[in-house]
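One structure below.
The values are calculated or read from the model by the stated rules, or taken from the named source; none is laboratory data. None of these values were measured; they are calculated from a predicted model. Note: ideal-geometry Cβ built from the backbone for every residue, glycine included; neighbour counts use all protein chains shown. The accessibility values were calculated without ligands, DNA or RNA, using every heavy atom of the protein model including side chains. Shrake-Rupley method; radii C 1.70, N 1.55, O 1.52, S 1.80 Å.
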Amino acid sequence: MRTARALALLAAIATAAALPPHAAAGGAPAAYPTRPITLVNPYAAGGPADIVARSLARGLEKRLGQPVVVENKPGGGASIGTAFVARAKADGYTLLLGTSAGHVVTPLMQKTAYDGVADFTFASVVAVQPIMLAVNPARGIGTVAELIARAQAAPGKLSYGSAGVGGATHLGAELFQQAAHIQLNHIPYPGASPAVNDAVGGQLDMVMLNLSASLPFIRQGRLVPLAYAADRRSPLLPQVPTLDEAGVHGAQAATWYSLAAPAGTPPAVVQRLSDAVREVNDDPDYRRVMQDQAIELMALAPGQARAYVEKDRADMQALLGRLGLLAK
């Protein structure tokens, strides 16, 4: 009997050894990651999202022990890159640097091939960045009051660029127009970098973009900062008033960034990624880069991150309804 039991035990061990190495929790791999990870940025290279994606990727590489390769898939109000990740295998090797545009706003404004919340698992919300209103210096506009007067004199003539339809930069400008009782001409771009380049080049009158996109040109005198769409001034440009201080109320706007994976990604993998984000945030070099770009760090746990995104969807649904921008 002892021999029979011993043989049965050996057979069980041999069978287990032949199976794929999965941990008990949620079918997660026993060792993750074991190969390179792709982090999809749904915006053009060179913009604020790209800075966050590449800085975060470098930090994650050090903590996870595998390369994290950033792949830009811009366009469609961030829906192209977001849809790509929604369709990817839920194994933790294809991740998304998500934003409100791809997860929330674009699916509310138009039909998309994915659900921005249900089709994803959120490892964390990693950062938030307020928006700066800046104009081309050749326009001769030096204050928000002067901009409003110019826009009221010629409704729809002044143009502004955003990082895409439905993103925080677009909706922030819509809120600004509503609060200031003006009409501007919206020119959407697949990311902040091409928009700010056209503003500097004179093809656009102004931009409302994340501060990191316009800050180098502001410092060079090639853009004039008018107001910061936050509840307090930026420490990088303390002389620039907030929109509230400039007399335009209720137009605060910011971009948030998530680290997301396809729905069904094993919980142990998601938790490993969330822990890694917190570890990256403790890196002084990473913190310095983010502070230099006026990016405020966050490190929400998976449950907190989902709740954050769901609240943003509820808030944006109400806002888009007021603006008449919800999909019919």
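Couple of notes before you dig in:
- In a reduced charge model with +1 at each Lys and Arg Cβ and -1 at each Asp and Glu Cβ, the chain shows a dipole moment near 660 debye about its Cα centre.
- Placing unit charges on the Cβ atoms only, positive for Lys and Arg and negative for Asp and Glu, gives segment 130-246 a dipole magnitude near 240 debye about its Cα centre.
- Look at the dipole of the chain built from charges on Cβ: of Pro188, Tyr308, Ser212, the Cα furthest out on the positive end belongs to Tyr308.
- Note on Val289: accessible area is roughly 60 Å² with a 1.4 Å probe, heavy atoms of protein only.
- Straight-distance crosslink candidates among lysines, where the alpha carbon sits under 22 Å from Lys73 and sequence neighbours closer than 8 are dropped: Lys89, Lys111
- Here segment 60-110 and segment 114-172 have alpha carbon centers that stand 22 Å from each other.
- Principal axes of segment 105-152: Cα extent on each, largest first, Å: 47, 27, 17
- Here the chain is treated as a sphere whose radius is the Kirkwood value from Cα pairs; by Stokes-Einstein at 20 °C and 1.002 mPa s it diffuses with a coefficient of 103 µm²/s.
- Rounded, prolate or oblate (a/c below 1.5 giving rounded, otherwise prolate when a/b exceeds b/c) for segment 130-246 by Cα gyration tensor: rounded
- Accessible area per residue for segment 130-246 is 37 Å², calculated with a 1.4 Å probe on protein heavy atoms, without ligands, DNA or RNA.
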